[in-house]
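The values are calculated or read from the model by the stated rules, or taken from the named source; none is laboratory data. Small disclaimer: the values here were computed from a predicted structure and weren't measured. Here the Cβ positions follow ideal geometry from the backbone for every residue, glycine too, while neighbour counts run over all protein chains shown.
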Amino acid sequence: MSAKTAVITGSTRGIGAGMAKAFLERGWNVVINGRSAASVEQAAASLSTVNPDAVVLGVPGDVSDYAQVENLWAQAAGRFGKVDLWINNAGLSHAPTPFWEMPPEQMETIVRANITGTMYGTRVAIRGMLAQGGGALYNMEGLGSSGRQRVSGLSIYASTKAALRFFDQAIAQELAGTPVLFGTLSPGMVLTDMLLNRQVQEGPDWERTKRVFNILADRTETVAPWLVEQMIANREHGRRIRWLTGSKIAWRFLSSPFVKRDLFTDLP
């Protein structure tokens, strides 16, 4: 039986690269993607050492360009014959900034990457999977997906994820009864460079933010393998795979006076 293949957009670093590594460790072939050819090449070289029995293919491309997303599918299907699982993970965040101070061109870039890019990836994956007879598709959630209102300074990013929550629910409904299994991934707070940028760490609220991170956040190497295991095992259409559940949040705050976590030790 030939190995299965996963395509992950935005997977040269962070949670995307972590999931790519976890799939490779489990014997899957993986197609990674990023906007920069240099970053894709570097990530592919690093991941190629994970499992000699699995193949990693790097395909650069901007998810906000539909033709480039189509090319990602074509390259994956052409190399491996079939795409078993596709994850729309690519997205852009921003440092906490009052909405009125955000440059319009930056707003447009974030909206195109997060909303348009996810919609393009969803369309390409669905059409390809319907043509090949099936597959599994997952979209990545983020701050704003839960409907939380207090997102001071992150209104653009959170708004894109709130919009995608509606989109994801609509897609799950439209795909019901088809051979394409659809779900969403909610990794919670993960210590990636998207979350830990210099502007956040140099901000006036950094020490308070750091305390919250040490209670609620986790490292990529903890969350990514769990998400991958859940996707591989999942057979439930429309499932929302959540790492940081409400009960886990409550327990971590209750136990925080007794369980001291320091996730920032040895960070680069």
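Let's see how each residue does on (1) farther than 18 Å from R165 by Cβ; (2) touching a Lys or Arg at 6+ places or on another chain (Cβ under 7 Å); (3) surrounded by fewer than 17 Cβ atoms within 10 Å (Cβ to Cβ); (4) polar (S, T, N, Q):
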site	(1), (2), (3), (4)
I110	no, no, no, no
I115	no, no, no, no
A125	yes, no, no, no
Q132	yes, yes, yes, yes
A136	yes, no, no, no
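Across region 1-25, the qualifying residues are those that are assigned to a loop (DSSP other than H, G, I, E, B) and modelled with pLDDT of 95 or more, and the one among them that is surrounded by the most Cβ atoms within 10 Å (Cβ to Cβ) is S11.
Restricting region 26-37 to residues that are in a strand (DSSP E or B) and not aliphatic (A, V, I, L, M), the residue that is surrounded by the fewest Cβ atoms within 10 Å (Cβ to Cβ) is N29. Applying a threshold of 8 Å to beta carbon distances and a minimum spacing of six or more residues, or different chains, the list of pairs starting in region 230-243 at a residue that is in contact (Cβ under 8 Å) with a residue 40 or more places away in the chain and crowded, with 16+ Cβ neighbours inside 10 Å and ending at one that is in a strand (DSSP E or B) and among the acidic types (D, E) reads W243/D218.
With respect to the stated conditions, E229 fails to be part of a loop (DSSP other than H, G, I, E, B), under 30 Å from A136 (Cβ atoms) and at pLDDT 80 or above. Filtered by the rule that a residue be polar (S, T, N, Q) and either assigned to a helix (DSSP H, G or I) or surrounded by 20 or more Cβ atoms within 10 Å (Cβ to Cβ) (or both), region 38-82 gives S39, Q42, S46, S64, Q68, N71, Q75.
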